[in-house]
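**Student:** Just passing along the structure, written as structure tokens.
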Amino acid sequence: MEAKPARPDRASGVATTDRANDAAVAEQAAALQATYGGLSPQRVIEAAIHHFGSAEIAAVSSFGADSAVLLHMIAEIDRSVPVIFLDTGQHFGETLQYRDQLIGDFALSNLRIITPLEDALAAGDPDGTLHKRDTEACCAIRKVEPMARSVEPYAAWFTGRKRFQAETRKAMDVFEAVGPRVRINPLASWGTSDLAGYMRDNALRENPLVAYGYLSIGCFPCTQPVQPGEDARSGRWAGQAKTECGIHLPGLENAVQAVR
Ligand code: SF4
């Protein structure tokens with residue numbers, strides 16, 4: 001049996017120790033990738049929970065278009081895995097309702113709702129309109145900082161990201177190091193037909209917004225429906241160069257370092 005990963009030494013606050021920890025986590029992620037990266041999503045989830053221990057691993061979900069797949073797989077293995085939802089304060093009402101329905105459907109017992117910091121909102125977005133002027137700043141307050149804070153208690157977290165979704169994800173490994181933690185993408189190699197087949201075979205509830213053409217679902221002000229044949233993520237920040245909110249980009253690594 002492989003050794004349980006060492007917990008990063010967050011108590012020291014010594015930069016060189018942090019760098020050494022990050023290097024050790026990078027080695028750990030590479031070793032996990034080599035051992036488990038080619039397994040099915042369900043076996044990846046099983047192996048990761050066994051490896052890290054259920055108290056040291058969480059799942060981050062947007063409760064978007066195909067979030068049911070990862071959450072159903074996790075629930076089949078361990079319903080007590082914490083499920084983190086970043087409540088930006090700008091979500092569709094349908095997404096919030098869907099979140100609660102899926103949690104109930106799968107009997108997931110540890111939903112954690114993380115909200116932006118009150119002080120940051122008061123200083124940077126007091127009237128909730130920052131997204132109209134500066135989406136990067138808005139995402140930093142409402143998504144990136146809360147995301148870094150939400151994963152701080154854990155050694156690793158699951159995401160539902162897939163390689164087909166974006167250029168920035170094409171070369172994505174299943175196991176990735178993000179500063180002192182490991183990010184796990186069990187569905188990395190899955191395509192739209194795999195996801196649709198799994199949803200169908202397991203009779204999973206769909207986010208109601210999908211029926212209206214929302215194939216990638218984020219905050220209400222920054223999400224539009226897409227036309228048939230268009231890229232699913234083209235409805236996110238439509239008309240802007242922005243394609244990611246930042247919670248999956250290197251910026252998160254800096255934010256994760258900041259909450260050490
Ligand atoms: Fe703000 Fe839009 Fe980012 Fe949501 S997706 S945090 S509303 S900029």
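Read-outs throughout are calculated quantities, based only on the coordinates presented, and are distinct from any laboratory measurement. Note that the structure is predicted; figures quoted are calculated from it, not measured. Here the Cβ is made from the backbone with ideal geometry for all residues, glycine too, and neighbour counts use every protein chain on show.
**Student:** Running Debye on region 148-191 with equal point scatterers at the Cα sites and no solvent, what base-10 log of I(q)/I(0) appears at q = 0.19, 0.23, 0.34 Å⁻¹?
**Tutor:** The Debye formula, applied to the Cα set alone, gives -0.57, -0.76, -1.17.
**Student:** Using the Kirkwood radius built from alpha carbon pairs, what does the Stokes-Einstein equation give as D for region 93-200 at 25 °C and 0.890 mPa s, in µm² per second?
**Tutor:** 148 µm²/s
**Student:** While we're here: Please arrange HIS50, HIS91 by how many other C-beta atoms lie within 10 Å of their C-beta, fewest to most. Don't jump to the answer; show the numbers that get you there.
**Tutor:** Numbers: HIS50 15, HIS91 21.
Exposure proxy ranking, most exposed first: HIS50, HIS91.
**Student:** Which of the trypsin sites (Lys or Arg not before Pro) found in region 169-203 are in a DSSP loop and have at most 13 neighbouring Cβ atoms, other than their own, within 10 Å?
**Tutor:** Sites meeting the loop and neighbour criteria: LYS170.
**Student:** Thinking of region 19-258 as a set of Cα atoms, what percent of all their pairs are more than 23 Å apart?
**Tutor:** Within region 19-258, distances greater than 23 Å cover 48 percent of Cα pairs.
**Student:** Which residues does the label zone of ASN110 cover in region 51-84, counting backbone N under 17 Å from a point 7 Å along Cα→Cβ?
**Tutor:** Of the residues in region 51-84, 51-61, 71-84 have backbone N under 17 Å from the label point off ASN110.
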